[in-house]
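Structure record follows, encoded as structure tokens.
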Amino acid sequence: MTLHVYNTLTRKKEEFQPLNGPKVNMYVCGVTVYDYSHIGHARAYIAFDVIYRYLKYKGYDVTYIRNFTDIDDKIIRRANEQGTEICDVSEAFINAFTEDMDALGLLHPHIEPRCTDYVPKMIDFISGLVEKGVAYPTPSGDVYFSIKKFPSYGKLSGRKLDDMRAGASERVEEASEKQDPFDFALWKGSKPGEPSWTSPWGEGRPGWHIECSVMSYNNLGETFDIHGGGKDLVFPHHENEIAQSEAYTGKPFAKYWLHNGFVNVPSSDGEDTKMSKSLGNFYTVRDVMDAYHPQAIKFFMLSTSYRNDITFTDEGLKNSQKRIMYYYESLLKADKLIERIGGNIPKADVLEPELVDNLISRVEAAMDDDFNTQKAIGELSEAFRLLNELTDRPKGKDKNKLRATVFALQEKIRHIGEIFGLLNLPPAETLAAIKLLQLKFYDVSVEDIEASIAKRLEARANKDWAAADGIRNELMEKGIELRDTPEGTDWTFKE
């Protein structure tokens, strides 16, 4: 099967053909480290973590780079507010970001470059653009890229300069030193209270767009395979990256451009609004993890194709958490069934071979279609349907076929789970952690439930069936369902 990806640059799905055979170089724009990461950031990095995982699964030798922007107006303002050094602010939030991504179970990129480590290389890069005549310094010490000198400007976003100028009117802030109002800053002359570096144009610091061009150029070369990020970066950030990089090298910047959709939140007028810090409608990753298990958050994000927008709601997260619970309960029941019936796993035919034997190939077919996790998870759900049927109603089935089928499903589910970074934790421990989180939405505690189970067992031992049923019904009214199994009584949440 051949992987196809949607390329923002060409606006179509294309067969994925890396520049250098099995070697794939991927660069994803990282965070500006002035605050805790919000759930919109999680959406992006979960998406590219799965893309990274699947490329490796397909046998590619992937180099994955994700940067940190550790010098920016927002970081400077935060340091001034706190009366601390800029490096202290950036370091604290780099550490916080790493903790959050680790908690979500994301793989680490190979390189996580920081902007401040590349400033000398940025100065060299900007000097090269000035020498080529596509950038110009100003008397105040700024350096701008001249978009008139790059005729294909707008090819990623599909925007045309003439249309932008016509529609801009007074919305474009006219800068007296710019040759064109849409020229963008490569270098900013120093201002009081800001960090600065010595350059041919005086003291100053780099503009935002130049960072990723220089960090990707120095780590991946002139042209690389995949450039990724949120679709809000298509214009102007990625458009400007293309302009300055291709003007500098004379070669294509990136072959495939992949962009994830927004995380939206419902607003009072009934319309969904993009989550962002500037709008103040964001939820930090760590705040969400206070109520939801990381794998529930991950499942919620992957249940929608990475290119589509997703609406962030408690209802959606609660449903995802229940679904992850169901998956781990199924795996735990399968473990117990295998242990209970004993014996070695025989080389026997499996039940429902069409489903079992073709499960992995169907998931791969979904993922080969532009990393369609939504469809792939649908295929996975069919496997759990069968797994539950077999573990809940094993009687009357051929023991060898039952054992072989359950074992095969377990192995394939966990194999597929590695693609998503899901279902790779110990089931019993994970279920206990999820139940504690989910109980925050119920008027009952673990201690209450365990006490009720003990009373019910006592009532049943005394053959007081009415009392036992009453305890069960009382818990059911609180949303807790008791399940009697060969190993004892367990509980879960009522569907």
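Glu429 versus (1) in contact with a Lys or Arg (Cβ under 9 Å, 6 or more places away or on another chain); (2) charged (D, E, K, R); (3) modelled with pLDDT of 95 or more: which is the lone unmet condition? Among (1) in contact with a Lys or Arg (Cβ under 9 Å, 6 or more places away or on another chain); (2) charged (D, E, K, R); (3) modelled with pLDDT of 95 or more, Glu429 violates only (1). All of (1) more than 42 Å from the chain's Cα centre (by Cα); (2) part of a helix (DSSP H, G or I) hold for Lys463 with one exception: (2). The numbered conditions (1) closer than 29 Å to Leu55 by Cα; (2) without any contact (Cβ under 8 Å) to a residue 24 or more places away in the chain are all true for Ala432 except (1). Of all residues in the range 220-245, those that are within 15 Å of Ile51 (Cβ to Cβ) have Cβ atoms under 9 Å from Cβ atoms of residues that are buried (at least 22 other Cβ atoms within 10 Å of the Cβ) and at pLDDT below 95, 6 or more apart or on another chain, in Gly230/Gly40.
Taking first residues from the range 52-77 that are within 18 Å of Cys212 (Cβ to Cβ) and in contact (Cβ under 8 Å) with a residue 24 or more places away in the chain and partners that are basic (Lys, Arg) and crowded, with 18+ Cβ neighbours inside 10 Å, the Cβ contacts under 8 Å between residues at least 6 apart in sequence or on separate chains come to Asn67/Arg114; Phe68/Arg114; Asp70/Arg114; Ile71/Arg205. The residue pairs whose first member lies in the range 380-393 and is in the same structural domain as Glu354 (by TED's automatic domain parsing), whose second member is surrounded by fewer than 15 Cβ atoms within 10 Å (Cβ to Cβ), and whose beta carbons are closer than 6 Å, counting only pairs six or more residues apart or on different chains, do not exist in this structure.
Listed by first and then second residue, the pairs with beta-carbon distance under 9 Å, at least 6 apart or on different chains, first residue in the range 397-408 and over 14 Å from Lys333 (Cβ atoms) and assigned by TED's automatic domain parsing to the domain that holds Leu359, second surrounded by fewer than 15 Cβ atoms within 10 Å (Cβ to Cβ) and modelled with pLDDT of 90 or more, are Ala408/Asp357. Within the range 230-252, being buried (at least 24 other Cβ atoms within 10 Å of the Cβ) and under 17 Å from Arg66 (Cα atoms) holds for His238, Glu241. Of all residues in the range 183-196, those being out of contact with any strand residue (DSSP E or B) (no Cβ under 7 Å at 6 or more places or on another chain) and part of a strand (DSSP E or B) number 0. Has the range 40-58 got any residue that is surrounded by 20 or more Cβ atoms within 10 Å (Cβ to Cβ), hydroxyl-bearing (Ser, Thr, Tyr) and over 15 Å from the mean Cα position of the chain (by Cα)? No, there is no match, as no residue in the range 40-58 is surrounded by 20 or more Cβ atoms within 10 Å (Cβ to Cβ), hydroxyl-bearing (Ser, Thr, Tyr) and over 15 Å from the mean Cα position of the chain (by Cα).
Report those strands (runs of 3 or more DSSP E) wholly inside the range 6-115 carrying at least 2 residues which are at pLDDT 95 or above and in the same structural domain as Gly421 (by TED's automatic domain parsing).
Values: elements: 12-15, 23-28, 61-66.
By residue number, no strands (runs of 3 or more DSSP E) qualify.
Among the residues of the range 439-465, the ones that are loosely packed, with under 14 Cβ neighbours inside 10 Å, without any contact (Cβ under 8 Å) to a residue 12 or more places away in the chain and under 19 Å from His293 (Cβ atoms) come to 2 in all.
Condition first: within 23 Å of Pro120 (Cα to Cα) and outside any helix (DSSP H, G or I). Now tell me which residues in the range 228-253 satisfy that. The answer is Gly250, Lys251, Phe253. From the list Ser127, Ser176, Ser199, the one residue that fits, being in a loop (DSSP other than H, G, I, E, B) and either under 30 Å from Glu418 (Cα atoms) or modelled with pLDDT of 95 or more (or both), is Ser199.
Kindly provide the set of residues from the range 59-95 that are buried (at least 18 other Cβ atoms within 10 Å of the Cβ) and of a type in the set (Gly, Ala, Ser), ordered by number. Listed by number, the residues that qualify are Ala79, Ser90. Which members of the range 470-495 meet the condition of being out of contact with any Leu (no Cβ under 9 Å at 6 or more places or on another chain) and more than 30 Å from Glu339 (Cα to Cα)? Those that are out of contact with any Leu (no Cβ under 9 Å at 6 or more places or on another chain) and more than 30 Å from Glu339 (Cα to Cα): Gly470, Asn473, Glu474, Glu477, Lys478, Gly479. Just one residue in the set Leu422, Leu402 is modelled with pLDDT under 95 and hydrophobic (A, V, I, L, M, F, W, C); that residue is Leu402.
The values are calculated or read from the model by the stated rules, or taken from the named source; none is laboratory data. The shown structure was predicted, so the numbers you read here are calculated from the model rather than taken from an experiment. Every residue, glycine among them, receives a Cβ derived from its backbone with ideal geometry; neighbour counts consider all protein chains shown.
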